[in-house]
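Trainee: Just passing along the structure, written as structure tokens.
The values are calculated or read from the model by the stated rules, or taken from the named source; none is laboratory data. Bear in mind that the values here come from a model prediction, so they are computed numbers and not experimental data. Heads up, the Cβs are rebuilt from the backbone with ideal geometry, glycines too, and the neighbour counts pull from every protein chain shown. Surface areas here come from the heavy atoms of the whole protein model, side chains and all, with no ligands, DNA or RNA. Shrake-Rupley method; radii C 1.70, N 1.55, O 1.52, S 1.80 Å.
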Amino acid sequence: MAQRKSSQVIWKGHFQNYENSSLTVSAFCQKHHLSSGMFYYWRRRLKAKTDVEQISFREIQIPDIPSAARIRIEFSNGVNIFLEGDVSPVYVRELAGC
């Protein structure tokens, strides 16, 4: 785990240096003796981690209605959940963990 943390810190530094340079990825990697494959690997890996850390939930109020034929839950990241049929608000609350 300490190795992974150290690598993350090192690659974050590389990405900051890259952003401050006017070089292409290929030229930057060549200048700093980095593998362009590893550059892309770590950029993708750190972006995925950042995306997960930015996910947040907020509490919503679900009205107490007997049932609904269709419920659509839309998240800010574009993910949609569709529930059709005899959908109970109690089930939606349990599903959402509210």
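Trainee: Being charged (D, E, K, R) and either surrounded by 10 or more Cβ atoms within 10 Å (Cβ to Cβ) or at pLDDT 90 or above (or both) is the filter; apply it to the stretch 1-41 and report the residue that is nearest to the chain's Cα centre (by Cα).
Mentor: Here is the first cut: in the stretch 1-41, the residues charged (D, E, K, R) are 4-5, 12, 19, 31.
Cutting the leftovers down to either surrounded by 10 or more Cβ atoms within 10 Å (Cβ to Cβ) or at pLDDT 90 or above (or both) gives us 12, 19, 31.
Details: 12: 17, 19: 21, 31: 31 Å.
Checked the stretch 1-41; the qualifying residue nearest to the chain's Cα centre (by Cα) is 12.
Trainee: Which of (1) more than 19 Å from the chain's Cα centre (by Cα); (2) at pLDDT below 70; (3) hydroxyl-bearing (Ser, Thr, Tyr) does residue 50 not meet, given it meets every other one?
Mentor: (1)
Trainee: Output the number of the condition that residue 73 fails; it satisfies all remaining conditions of (1) touching a strand residue (DSSP E or B) at 6+ places or on another chain (Cβ under 7 Å); (2) at pLDDT 75 or above; (3) open to solvent by 70 Å² or more (accessible area, probe 1.4 Å).
Mentor: Result: residue 73 fails condition (3) only.
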